[in-house]
Every structure is written in structure tokens, then in C-alpha cells.
1. Quick check on my filter: what residues within the range 85-102 are surrounded by 12 or more Cβ atoms within 10 Å (Cβ to Cβ) and of a type in the set (Lys, Arg)?
2. Inspect the range 38-49 for any residue being open to solvent by 20 Å² or more (accessible area, probe 1.4 Å), acidic (Asp, Glu), without any contact (Cβ under 8 Å) to a residue 40 or more places away in the chain and under 27 Å from Arg90 (Cα atoms) and give the result as yes or no.
3. Give the range 69-112 a look and list any residue that's within 24 Å of Pro53 (Cβ to Cβ) and of a type in the set (Ser, Thr, Tyr), or say none.
4. So, Val6, is that one open to solvent by 50 Å² or more (accessible area, probe 1.4 Å), in contact with a Lys or Arg (Cβ under 6 Å, 6 or more places away or on another chain) and on the phi < 0 side of the Ramachandran plot or not?
5. Given Val96, Val86, which one is under 13 Å from the mean Cα position of the chain (by Cα) and at pLDDT below 95?
6. Here are some conditions: (1) outside any helix (DSSP H, G or I); (2) out of contact with any helix residue (DSSP H, G or I) (no Cβ under 9 Å at 6 or more places or on another chain). Asp38 meets all but one. Which one does it not meet?
7. Only one residue in Ala82, Ala76, Ala105, Ala11 is open to solvent by less than 20 Å² (accessible area, probe 1.4 Å), assigned to a helix (DSSP H, G or I) and either touching a helix residue (DSSP H, G or I) at 6+ places or on another chain (Cβ under 6 Å) or not hydroxyl-bearing (Ser, Thr, Tyr) (or both), so which one is that?
8. Which residue is surrounded by the most Cβ atoms within 10 Å (Cβ to Cβ), if the candidates are limited to the range 52-73 and must be under 18 Å from the mean Cα position of the chain (by Cα) and assigned to a loop (DSSP other than H, G, I, E, B)?
Amino acid sequence: HEGVGVDGRVASLTPEDFLLEDDQPWHASARWVLSEEDSIKFVSNALISHLAPIYVPFASNAALDPSEIVPLDVQADVRAFAEEFVCEERLHAMSVSDVKDGISAALGEKET
């Protein structure tokens, strides 16, 4: 991508907020810099955080963390999706916005 470079702000991205918050203007120009393994963890955690509100009514009252709220079988499916997504996409050639859009597009394909 033209104009996509390393941006220190990428380090401030958190999986918990990644899919919930709106794109920031710098997301389009910041290159995705996480390693493959870290990307899988990040995408998995982002999706689990995104799904957690759906499962809150079924979770224990003591469950606070998304990983305690989302059922383990769902987490396993999410991890498999994240592995497939990260392996199929060349994330280092993508911007933060592209990665977020790619996750959404890939999820849309899975639902059909």
C-alpha cells in the first residue's frame, strides 16, 4: 500500500477495543506489524471481546473477563477462524483499517 508505514500508535491497540471502537484516521496509514502468532492471539482476543456481551446472560456472575464469559467451544472456533484468517492474509502488507475490514469481510463469508 502506498503511504502505509510503521506507526508507533499500533502498539497502543488493544484486542478488547479493536472491533468495538471506530477507526481512527491514522489506522489507514499504519501498517500491521504484529508477528503471525501475535496476530492470531490479537484477532482471537478481539473477536472474543466482541462476542462476550452476547454470552453475558449465560455466564457465571463471577465471570468478568471475556475469556471467562465466552464458552470454550466458541473460543476454539474463534481461534481456528483467527488462524485461518492470519494464514490466508498477508497482514504485514495491510494497514490497521485493512485488517479490521478483512476480519469483518471474512466473518461475513463464514455466516453465509
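The values are calculated or read from the model by the stated rules, or taken from the named source; none is laboratory data. All values reported here derive from a predicted model rather than from experimental measurement. Here the Cβ positions follow ideal geometry from the backbone for every residue, glycine too, while neighbour counts run over all protein chains shown. Remember, those area values only see protein heavy atoms, side chains included, never the ligands or the DNA or RNA. Shrake-Rupley method; radii C 1.70, N 1.55, O 1.52, S 1.80 Å.
1. Within the range 85-102, just Lys100 meets the criteria.
2. Scanning the range 38-49, I find at least one residue that is open to solvent by 20 Å² or more (accessible area, probe 1.4 Å), acidic (Asp, Glu), without any contact (Cβ under 8 Å) to a residue 40 or more places away in the chain and under 27 Å from Arg90 (Cα atoms), so the answer is yes.
3. Ser97, Ser104, Thr112
4. Details: open to solvent by 50 Å² or more (accessible area, probe 1.4 Å): yes; in contact with a Lys or Arg (Cβ under 6 Å, 6 or more places away or on another chain): yes; on the phi < 0 side of the Ramachandran plot: yes.
Answer is yes for this residue.
5. Val96
6. In the conditions (1) outside any helix (DSSP H, G or I); (2) out of contact with any helix residue (DSSP H, G or I) (no Cβ under 9 Å at 6 or more places or on another chain), Asp38 misses (1) alone.
7. Working: Ala76 fails: open to solvent by less than 20 Å² (accessible area, probe 1.4 Å); Ala105 fails: open to solvent by less than 20 Å² (accessible area, probe 1.4 Å); Ala11 fails: open to solvent by less than 20 Å² (accessible area, probe 1.4 Å).
So the residue among Ala82, Ala76, Ala105, Ala11 that is open to solvent by less than 20 Å² (accessible area, probe 1.4 Å), assigned to a helix (DSSP H, G or I) and either touching a helix residue (DSSP H, G or I) at 6+ places or on another chain (Cβ under 6 Å) or not hydroxyl-bearing (Ser, Thr, Tyr) (or both) is Ala82.
8. Result: Val70.
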